[in-house]
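Structure record follows, encoded as structure tokens.
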Amino acid sequence: MSDTNQSLAQNRSFERAQKIRTGVTYALLTLWALIVLFPFYWMVLSSLKSYSAYNAEYVPQLYTTQPTLQNYVDAFTAVPLARYFMNTVIFTSITTALMLVVIVLAAFAFSRLDFAGRDLLFTAFLSLMMIPNELVIITNFVTITNLGLRNTFTGLILPSVTSVFYIYLLKENFDQIPDELYKAAKVDGTSDFKYLTKVMIPICRPTIITVVLLKVIECWNSYVWPRLITDNQLYFLVSNGIQEIRENGFGRDNIPAMMAAVVVISIPLIVLFLIFRRKIMEGVSRGGTKG
């Protein structure tokens, strides 16, 4: 009987300790979430304050009693922000689509096709990741300039249509698909392209979706290359638009209007993440084989 009571006491002690650990974990996660989300809250809050109300605050206030949407109106009238949005959508869509074709075909070739020097070529390909990005930008700038493609969408898009890292990531996922499937498909007379589209891509869909979303975010936030290759306002992206707003739109002192522009530009990425967050986590955490 004493052994039973002792066992029950140990179970209760274990459950109590488990609840304490869970409570502490959730408390720390909540604190971390507040720290991470506070800048977004402050950005939205500042965008809802008028210029005079914002400057009148000697001590920053964590709320506003007189919110206004005038800053959002100014964000689209001080500079052609709508055009910058459209340019960014065009740039992001075309770049992501072209990159997806390139990396899928390249990853399939390195993973399934047997040709002379494949492994050596792939190793050399991976070594490109060791080259500093600044050197690549300089080379790309000289090439695009010599081709006369400055201030064009072609000049913006071409240097971004491939990624060594994404090819490597997708190849590793393709490698996890059993070779028996490929051999069986070849016995049945299935072409390589049909096997890629009907078998490999559906199996690796979570990773492909993750790559697409990461590329969209990369293109949407791209700043250095668009700033370097374009000086014509007709080809500015939203990242360039923020600098244009700061220099020629509201001025450096109108922080609420600047925050309104940043909120507008950030909304598409936030919505995209909320819609596909599960796919992103699934693509990052799992391999290429289902089950």
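Values quoted throughout were computed directly from the atomic coordinates according to the rules given, and no laboratory measurement underlies them. Since we're looking at a predicted model, the values are computed, not measured. Positions of Cβ are generated from backbone atoms using ideal geometry, with glycine treated the same way; all protein chains shown enter the neighbour counts.
Once the dipole of the chain is set up with Lys and Arg at +1 and Asp and Glu at -1 on Cβ about the Cα centre, which of T152, L120, A184 lies farthest towards its positive end?
Toward the positive end, the furthest listed residue is A184.
Let a ≥ b ≥ c be the square roots of the eigenvalues of the Cα gyration tensor of the stretch 9-167; is it rounded (a/c under 1.5), or, if not, prolate (a/b larger than b/c) or oblate?
Note, shape of the stretch 9-167 comes out oblate.
Rounded to the nearest 0.05, what FRET efficiency do V24 and I209 have when you use their Cβ-Cβ distance and R0 = 35 Å?
According to the calculation, E is roughly 0.50.
Hey, if you put +1 on the Cβ of every Lys and Arg and -1 on every Asp and Glu Cβ in the chain, which of I20, Y41, I217 ends up farthest toward the positive end of that dipole?
It is I20, whose Cα lies furthest towards the positive end.
Can you list the aspartates and glutamates whose alpha carbon is less than 16 Å from that of K171, not counting same-chain residues fewer than 8 positions off?
Here the aspartates and glutamates satisfying the reach criterion relative to K171 are D114, D119, D179, D192.
About the Cα centre, and with charges only on the beta carbon of Lys, Arg (+1) and Asp, Glu (-1), how big is the dipole of the chain? Nearest 20 debye, please.
600 debye
Starting from 0.36 nm per residue, how many nanometres of slack lie between V187 and A17 once their C-alpha separation is accounted for?
55.3 nm
So which aspartates and glutamates can K198 reach, going by Cα to Cα under 14 Å and dropping same-chain residues fewer than 8 places off?
K198 reaches D188.
So what are the ³J(HN,Hα) numbers for the stretch 269-276, from phi and the Karplus equation (6.51, -1.76, 1.60; θ = phi - 60°), rounded to whole Hz, Gly and Pro as x?
Taking θ as phi minus 60°, the curve returns 5, 5, 5, 4, 5, 5, 6, 10 Hz for the stretch 269-276.
Report relative contact order for the chain in percent, whole number only (criteria: Cα-Cα under 8 Å, sequence separation at least 6).
That works out to 31 percent.
Classify the stretch 72-285: rounded, prolate or oblate, from the alpha-carbon gyration tensor (a ≥ b ≥ c, eigenvalue square roots; a/c under 1.5 rounded; otherwise prolate if a/b is larger than b/c)?
The shape class here is prolate.
Rounded to the nearest Å, what's the spacing between the alpha carbon centres of the stretch 185-242 and the stretch 107-166? Just the number, please.
Computed from Cα coordinates, the inter-centre distance equals 14 Å.
Could you give the size of the charge dipole of the stretch 174-264 about its Cα centre, using +1 on the Cβ of each K and R and -1 on the Cβ of each D and E, expressed in debye and rounded to the nearest 20?
Approximately 180 debye in magnitude.
Tell me, what ³J(HN,Hα) does each residue in the stretch 120-135 have, in order and in whole Hz, if you take phi through Karplus 6.51 cos²θ - 1.76 cosθ + 1.60 with θ = phi - 60° and put x for Gly and Pro?
Whole-Hz 3J(HN,Hα) from phi for the stretch 120-135: 5, 5, 5, 4, 5, 5, 5, 5, 4, 5, 7, 6, x, 4, 4, 5.
Can you list which of the trypsin sites (Lys or Arg not before Pro) found in the stretch 178-260 are DSSP loop residues with at most 11 other C-beta atoms within 10 Å?
Of the trypsin sites (Lys or Arg not before Pro), the ones in loops of the stretch 178-260 whose Cβ has at most 11 other Cβ atoms within 10 Å are R252.
At A53 and V89, where each label point lies 7 Å from the Cα along Cα→Cβ, what is the point-to-point distance in nanometres?
3.1 nm
First measure r as the distance between the Cβ atoms of L135 and L105, then evaluate 1/(1 + (r/R0)^6) with R0 = 22 Å and state the FRET efficiency to the nearest 0.05.
Efficiency computed from Cβ-Cβ geometry: 0.25.
Starting from the Cα-Cα distance between L69 and T123, subtract it from 0.36 nm times their residue separation and give me the gain in nm to one decimal.
14.0 nm
For N221 and D253, FRET efficiency with R0 = 22 Å and r from the beta-carbon atoms, rounded to 0.05?
It comes out at approximately 0.30.
For the residue pair V44 and K198, what label-to-label distance in nm results when each label sits 7 Å from Cα along the Cα-to-beta-carbon direction?
It works out to 4.8 nm between the two label points.
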